[in-house]
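The values are calculated or read from the model by the stated rules, or taken from the named source; none is laboratory data. Just so you know, these numbers come straight off a predicted model, no measurement behind them. Positions of Cβ are backbone-derived with ideal geometry, glycine not excepted, and every protein chain shown enters the neighbour counts.
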Amino acid sequence: DAEITQSPRHKITETGRQVTLACHQTWNHNNMFWYRQDLGHGLRLIHYSYGVQDTNKGEVSDGYSVSRSNTEDLPLTLESAASSQTSVYFCASSPSGRGTDTQYFGPGTRLTVL
Amino acid sequence: DAKTTQPPSMDCAEGRAANLPCNHSTISGNEYVYWYRQIHSQGPQYIIHGLKNNETNEMASLIITEDRKSSTLILPHATLRDTAVYYCIVRVRITQGGSEKLVFGKGTKLTVNP
């Protein structure tokens, strides 16, 4: 069955290190999204992509980057991890086109920055 | 900011219908109402969406008022596994491309009691 996966599921890193979170979907969806979830803030959009070579900033993009070299993957990179980036990260994908795109979410990655 | 208002929490007895309200008084004519839920520690799960007509699927029913300023998600026979945070989302149309991002509010924490 088609699915969306994230890895690793849990990660502990140190301040200043570069970290990359993987997101892989097998639905052949053009659209992919990264969110973070913190207590008191709900889910907030970090970056999104509408297709290969396309990336866009969301509402909380500072300190994060993404690249889209193929349809299936949208890795999220923290260039220099900060304690404020301790959070749960969710990846999502949706089919292309206007209208009623439904987003499907992965299981999440819990990141702790010490 | 989210364009919806939901009660922070609700309780429901197992086997009874759960009716979750949502206000979206500033909704535009071409914006859809989406419902997602998030069971503890999991990624958000799509439930249902609608534009102006009532909708039903295998999970729930969505009732949208005629003026579209509010809606109600109905879980007809709530089970303990329906305990989750339920998000009502109005689709935000962005300025480029043909796809819309989701803006999550804080949702309603539904607790189904035995």
Query raised in the report: When the range A:1-34 is examined, which residues are found to be free of Cβ contacts under 8 Å to residues at least 60 places away in the same chain and either exposed (fewer than 14 other Cβ atoms within 10 Å of the Cβ) or not hydrophobic (A, V, I, L, M, F, W, C) (or both)?
Result: A:1, A:2, A:3, A:20, A:24, A:26, A:28
Query raised in the report: Which of (1) surrounded by 15 or more Cβ atoms within 10 Å (Cβ to Cβ); (2) under 24 Å from residue B:40 (Cβ atoms); (3) small (Gly, Ala, Ser) does residue A:81 not meet, given it meets every other one?
Result: (2)
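For (1) over 11 Å from residue B:73 (Cβ atoms); (2) modelled with pLDDT of 95 or more; (3) within 14 Å of the chain's Cα centre (by Cα), each residue gets a yes or a no:
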position	(1), (2), (3)
B:5	yes, no, yes
B:26	yes, no, no
B:33	no, no, yes
B:41	yes, no, no
B:61	no, yes, yes
Query raised in the report: Which of the residues belonging to the range A:55-114 are without any contact (Cβ under 8 Å) to a residue 12 or more places away in the chain and part of a strand (DSSP E or B)?
Result: A:56, A:57
Report task. Filter the range B:38-54 for residues that are more than 8 Å from every other protein chain (Cβ to nearest Cβ) and within 13 Å of residue A:102 (Cβ to Cβ) and give the result. Result -> B:47, B:48, B:50
Query raised in the report: Which of the residues belonging to the range B:75-92 are within 20 Å of residue B:4 (Cα to Cα) and either modelled with pLDDT of 95 or more or not in a loop (DSSP other than H, G, I, E, B) (or both)?
Result: B:75, B:84, B:85, B:86, B:87, B:88, B:89, B:90, B:92
Report summary line: Selection over the range A:28-54 where residues are of a type in the set (A, V, I, L, M), in a strand (DSSP E or B), over 14 Å from residue A:95 (Cβ atoms) and more than 8 Å from every other protein chain (Cβ to nearest Cβ) yields a count of 1
**Report entry** Matching residues, the range B:1-30, being surrounded by 15 or more Cβ atoms within 10 Å (Cβ to Cβ) and within 13 Å of residue B:91 (Cβ to Cβ)
**Finding:** B:2, B:3, B:4, B:24, B:27
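Within 8 Å of chain B (Cβ to nearest Cβ) and more than 22 Å from residue B:106 (Cα to Cα): does that describe residue A:96?
On the way: within 8 Å of chain B (Cβ to nearest Cβ): yes; more than 22 Å from residue B:106 (Cα to Cα): yes.
So residue A:96 fits the description; yes.
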